[in-house]
Amino acid sequence: MAEINEVNIRKRKTLYSEIYEKVLGDTMAEFSPYQKSVDLLDDFFVKFKIPENLKCQTISGILTAMCQTAVTSSQQTAVNILLESDKLDLEAQKLQKEIDLLANQIELAKAEADLTKERIKLVKAQTEAELAKKPLIEREMAVYDDNLRVKEAEILKDLASGYLIGGVEVPSGLHQAVMNKIDLISNQS
């Protein structure tokens, strides 16, 4: 409930007074049951020619009881309206908090959706980058394979050269292997 302090108490008293005055005024208004009862009593006293002193005693007793009932009822109604107003205020505050919470959840969901869209863009970009790397990787592997074949050919050539420098005849298989490696390098380029 609202914080209890002097200003709040004054506001609530003022509100109670306004409500009470309105309810009591409506209860005693021209076409209210109270006024209709007073008019009906006056009609009975005239119709049955009741003496004035008995009329005064009777009407003052009846009107006193009716006024007490009207005042008590008006006070109770004012209190009930004030309490109901408090309940409605609390319910309104509760609903506003729920609305704020839902609004925050909607904003969070929108932010998550935006983040998901950006993640999708990132994954697509990464996929495209990986696909773009594939030919480069294949070319690099081909260069590496070419370098291996060149190295093999050089080793075989050096071996054949070693035979020739030593005055030994190069074995025919070695000579053929060097030529095959050179052909492989030429065909791959």
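The values are calculated or read from the model by the stated rules, or taken from the named source; none is laboratory data. Nothing here was measured: the structure is a model prediction, and the numbers come from that model. Quick reminder, even Gly has a Cβ in these numbers, built from the backbone with ideal geometry, and neighbours come from all protein chains shown.
Quick notes on this structure:
- Residue in the stretch 123-138 that is assigned to a helix (DSSP H, G or I), surrounded by 12 or more Cβ atoms within 10 Å (Cβ to Cβ) and hydroxyl-bearing (Ser, Thr, Tyr) present: no
- Listed by first and then second residue, the pairs with beta-carbon distance under 9 Å, at least 6 apart or on different chains, first residue in the stretch 44-62 and in the same structural domain as Tyr34 (by TED's automatic domain parsing), second assigned to a loop (DSSP other than H, G, I, E, B), are Phe44/Ile50; Thr58/Ile50.
- Just one of the listed residues (Tyr20, Tyr34) is in contact with a Cys (Cβ under 9 Å, 6 or more places away or on another chain), surrounded by 15 or more Cβ atoms within 10 Å (Cβ to Cβ) and within 30 Å of Ser85 (Cα to Cα), namely Tyr34.
- Residue, nearest to Val143 (Cα to Cα), within the stretch 175-186, restricted to residues that are at pLDDT below 75 and among the aliphatic types (A, V, I, L, M): Ile185
- Of everything in the stretch 1-10 that is under 35 Å from the mean Cα position of the chain (by Cα) and not small (Gly, Ala, Ser), the residue that is modelled with the highest pLDDT is Asn8.
- Condition check for Thr69: farther than 30 Å from Arg10 by Cβ and in the same structural domain as Ser17 (by TED's automatic domain parsing): no
- Tabulated pairs, the stretch 158-174, first free of Cβ contacts under 8 Å to residues at least 40 places away in the same chain, second assigned to a loop (DSSP other than H, G, I, E, B) and surrounded by fewer than 12 Cβ atoms within 10 Å (Cβ to Cβ), C-beta under 9 angstrom, 6+ apart or interchain: Gly162/Val168; Tyr163/Glu169
- Any hit, the stretch 52-61, residues being at pLDDT below 85, surrounded by 11 or more Cβ atoms within 10 Å (Cβ to Cβ), among the aliphatic types (A, V, I, L, M) and part of a helix (DSSP H, G or I): yes
- Subset of the stretch 144-176 (residues that are out of contact with any Pro (no Cβ under 9 Å at 6 or more places or on another chain) and small (Gly, Ala, Ser)): Ala153, Ser161, Gly162, Gly166, Gly167, Ser172, Gly173
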